[in-house]
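Presented below is the structure to which this report refers.
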Amino acid sequence: MVWEELRFQALLRHADDRLVLGHRLSEWCGHGPTLEEDIALSNVALDLLGQAKVIFEQSIKTDLKKRSVDDLIYFREIRGYRNVILVEQPNGDFACTILRQYFFDVFNRLWLNSLQSSIDKDLSSFARSALKEAIYHERHTKSWVVRLGDGTKESNERIQEAVSVFYPLSYEFFAQDEIDQKVFSKGLLPNTACFENVWKEEVALTLLEATLQFPKRTSTQMLRGREGRHTEHLDRILSEMQSLARAHPGASW
Amino acid sequence: MTEASRQFDFEGRIARDEKIEPNDWMPSRYRRQLVRMISQHAHSEVVGMLPEGNWITRAPSLRRKISLLAKVQDEAGHGLYLYGAAETLGAEREDLINRLLGGDARYSSIFNYPSVTWGDVGVIGWLVDQAAMVNQTMLTKCSYGPYARAMIQICKEENFHKRQGMEIMAVLSAGTSAQRAMAQDALDRWWWPTLMMFGPPDEESPHSSELIGWKVKMKSNDELRQWFVDLAVPQAEALDLQIPDPELVRDSKTGHWISGPINWDEFRSILEGEGPCNRERIESRRESHFGGAWVREAARAYEEKCRKKKALERESL
């Protein structure tokens, strides 16, 4: 693979994570458990979609097919999507959404923190501003993980269930292939394997504080979102998200 | 001070255009009417999130997705702000919401219409938010301080929403023939319901004269409706879209655009709960509110645990 393509593919993974997760969170808009939380979830969704936009814009600079950001979002098939499986999981109840988000937020904060040292000036300055958002997101979701874990019996059971379902999916944040290794060795993007242990330690401490049990099963090697092998959930997201744009090919909006 | 002299004092303040503030004395009916109006307004903001929220996941470009999500989020913020204004009058948010969910409180009739195309997103921003803004611009002068101040903030955002909606319409109108048809169809469906948003004609408006006397409302329903029509007609022309009213004419003496007759039977059926979406709008709010009860309960339980823990720590010091 030529460098341009490597760079494009590597950035696409992180743009897709944020696009798909932002989309998922936006499904809550108008349906939150309180007005305050409705607003907060939309805020996080907006930040993630904003981050996705910047990373997509950076990625297409070296897209050999010269696609626009909207081409990538609205006219790419499911097999071309490169997000981790975790972010395409359905919202479930508020506990599921919060836990999925917390796992991502910790990862995102570590990733952005490290991205500040990228050799690419645009990416490092993006990382500096996005890091502030990520820190705030993590503070918000972490406080909810603790509140739900240590709240009522019902809230504890709900978020405990989310822990056992989602923890094994976190494996994919740190899995690496040739693309990741090459962009890391060039100093473009962080080496995610480096912060796997930090992520695990921090999450374990939060679970402890939230009086939650560590899951029995902690990883599954079957996930290949980074290679474009997705669950049926992403297919549903794309058929909805792309429906209007695809019904009017060539139209501008 | 006797009740009568308090009343006299209150009326004097209204006459001098002074603002009434939360701790000031006010007639209980003034208070009740304001709670009714402000909470109805708050409910409208929250229920109003649903028709547009319906399109967030299908917005046709990333830019549109982000701006629509931000817009609908603004409406949630308005709701929060308005519930806060109602609380300054001694109402509880939870009670107000329960009245909405129990079918005892109203919200704007407009949100009982379905939003079935992307054109509807444009027309809601352009016309519905503009109609809301006409009403709210009047309310910035309202005699109750917290409500008037909430309106100033909200109007700024609604103006932005209106421009966003008009821009969506302009792009559709200048787009492919399918997009143009989408814009015209949305205008055809939303025009008359938007005119009904200002409420029944003056001779049938039950609360108007009292509210105008208290300077809660500064203009009548028909005056506001006329103000809106005069704004919207030239905008439709600029957008190259046809307002679906064959009788619409300009009065050469006054310069006002005069509409044809409004189908008030349709308005009354909507208020009686027979609109196309009345049932599902309330059902959706009920699902979110009751479905989220365990979350609110958990937050309360956790807060209580923290409070006890702190108290224990203090004792052991």
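Residues in the stretch A:13-43 that are surrounded by 24 or more Cβ atoms within 10 Å (Cβ to Cβ) and aliphatic (A, V, I, L, M): A:Ala15, A:Leu19, A:Val20, A:Leu21, A:Leu25, A:Leu41. For the stretch B:233-248, the set of residues classified as assigned to a loop (DSSP other than H, G, I, E, B) and within 13 Å of B:Met166 (Cα to Cα) consists of B:Leu239, B:Asp240, B:Leu241, listed by residue number. Among the residues making up the stretch B:15-35, those that are outside any loop (DSSP other than H, G, I, E, B), surrounded by fewer than 18 Cβ atoms within 10 Å (Cβ to Cβ) and either charged (D, E, K, R) or in contact with a Phe, Trp or Tyr (Cβ under 7 Å, 6 or more places away or on another chain) (or both) are B:Arg29, B:Arg31, B:Arg32. With respect to (1) within 30 Å of A:Leu19 (Cα to Cα); (2) more than 10 Å from chain A (Cβ to nearest Cβ); (3) in a helix (DSSP H, G or I), the lone exception for B:Ala70 is condition (2).
Checking the structure you have, find out if any residue of the stretch A:93-103 is under 15 Å from the mean Cα position of the chain (by Cα), more than 17 Å from A:Leu11 (Cβ to Cβ), surrounded by 22 or more Cβ atoms within 10 Å (Cβ to Cβ) and of a type in the set (Phe, Trp, Tyr). Write out each step before concluding.
Let us first name the residues in the stretch A:93-103 that are under 15 Å from the mean Cα position of the chain (by Cα), namely A:96-103.
When the remaining residues are screened for being more than 17 Å from A:Leu11 (Cβ to Cβ), the result is A:96-103.
Of the ones still in play, those that are also surrounded by 22 or more Cβ atoms within 10 Å (Cβ to Cβ) are A:97-103.
Then keep just the ones that are of a type in the set (Phe, Trp, Tyr); that gives A:102-103.
Within the stretch A:93-103, one or more residues are under 15 Å from the mean Cα position of the chain (by Cα), more than 17 Å from A:Leu11 (Cβ to Cβ), surrounded by 22 or more Cβ atoms within 10 Å (Cβ to Cβ) and of a type in the set (Phe, Trp, Tyr).
Could you list all residues from the stretch A:182-195 that are touching a helix residue (DSSP H, G or I) at 6+ places or on another chain (Cβ under 9 Å) and modelled with pLDDT of 95 or more? Outline the logic, then answer.
Applying the first criterion (touching a helix residue (DSSP H, G or I) at 6+ places or on another chain (Cβ under 9 Å)) to the stretch A:182-195 yields A:182-184, A:186, A:188-195.
Hits for the stretch A:182-195 are A:Lys182, A:Val183, A:Phe184, A:Lys186, A:Leu188, A:Leu189, A:Pro190.
Of the helices (runs of 4 or more DSSP H) contained entirely in the stretch B:250-317, those carrying at least 1 residues that are away from chain A (no Cβ under 12 Å) and more than 25 Å from A:Gly30 (Cβ to Cβ) fall at B:264-271, B:293-316. Given the criteria in a helix (DSSP H, G or I) and either under 15 Å from the mean Cα position of the chain (by Cα) or at pLDDT below 95 (or both), does B:Leu50 qualify? Judged against the criteria, B:Leu50 is a match.
Selection of helices (runs of 4 or more DSSP H) fully inside the stretch A:172-253 by the criterion of at least 2 residues being within 13 Å of another protein chain (Cβ to nearest Cβ) and within 30 Å of B:Trp55 (Cβ to Cβ) returns A:232-241, A:243-247. Of the helices (runs of 4 or more DSSP H) lying entirely inside the stretch A:40-117, those containing at least 3 residues that are touching a helix residue (DSSP H, G or I) at 6+ places or on another chain (Cβ under 8 Å) and within 14 Å of another protein chain (Cβ to nearest Cβ) span A:69-74, A:94-115.
Taking the conditions exactly as written (within 14 Å of another protein chain (Cβ to nearest Cβ), part of a helix (DSSP H, G or I), farther than 30 Å from A:His23 by Cβ and touching a Phe, Trp or Tyr at 6+ places or on another chain (Cβ under 8 Å)), does B:Ser39 satisfy them or not?
Numbers: within 14 Å of another protein chain (Cβ to nearest Cβ): yes; part of a helix (DSSP H, G or I): yes; farther than 30 Å from A:His23 by Cβ: yes; touching a Phe, Trp or Tyr at 6+ places or on another chain (Cβ under 8 Å): yes.
When the stated conditions are applied, B:Ser39 passes them.
Within the set B:Ala170, B:Ala178, the sole residue that is over 14 Å from B:Val121 (Cβ atoms), surrounded by fewer than 22 Cβ atoms within 10 Å (Cβ to Cβ), aliphatic (A, V, I, L, M) and within 14 Å of chain A (Cβ to nearest Cβ) turns out to be B:Ala178.
Yes/no matrix, rows are residues, columns are (1) of a type in the set (A, V, I, L, M); (2) closer than 30 Å to B:Arg36 by Cβ:
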{"residue": "B:Ile212", "(1), (2)": "yes, yes"}
{"residue": "B:Met218", "(1), (2)": "yes, yes"}
{"residue": "B:Arg225", "(1), (2)": "no, yes"}
{"residue": "B:Glu237", "(1), (2)": "no, no"}
{"residue": "B:Leu248", "(1), (2)": "yes, no"}
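Within the stretch A:147-156, the only residue that satisfies the criterion of being more than 7 Å from chain B (Cβ to nearest Cβ) and crowded, with 21+ Cβ neighbours inside 10 Å is A:Gly149.
Against the criterion of being more than 19 Å from the chain's Cα centre (by Cα) and more than 8 Å from every other protein chain (Cβ to nearest Cβ), B:Val116 qualifies. Given the conditions (1) more than 10 Å from chain B (Cβ to nearest Cβ); (2) under 12 Å from the mean Cα position of the chain (by Cα), which single one is not true for A:Leu25? All conditions pass for A:Leu25, except number (1).
The values are calculated or read from the model by the stated rules, or taken from the named source; none is laboratory data. Computed from a predicted structure; not experimentally measured. A quick note on method: Cβ atoms are made from the backbone with ideal geometry, for glycine too, and the neighbour counts reach across all protein chains shown.
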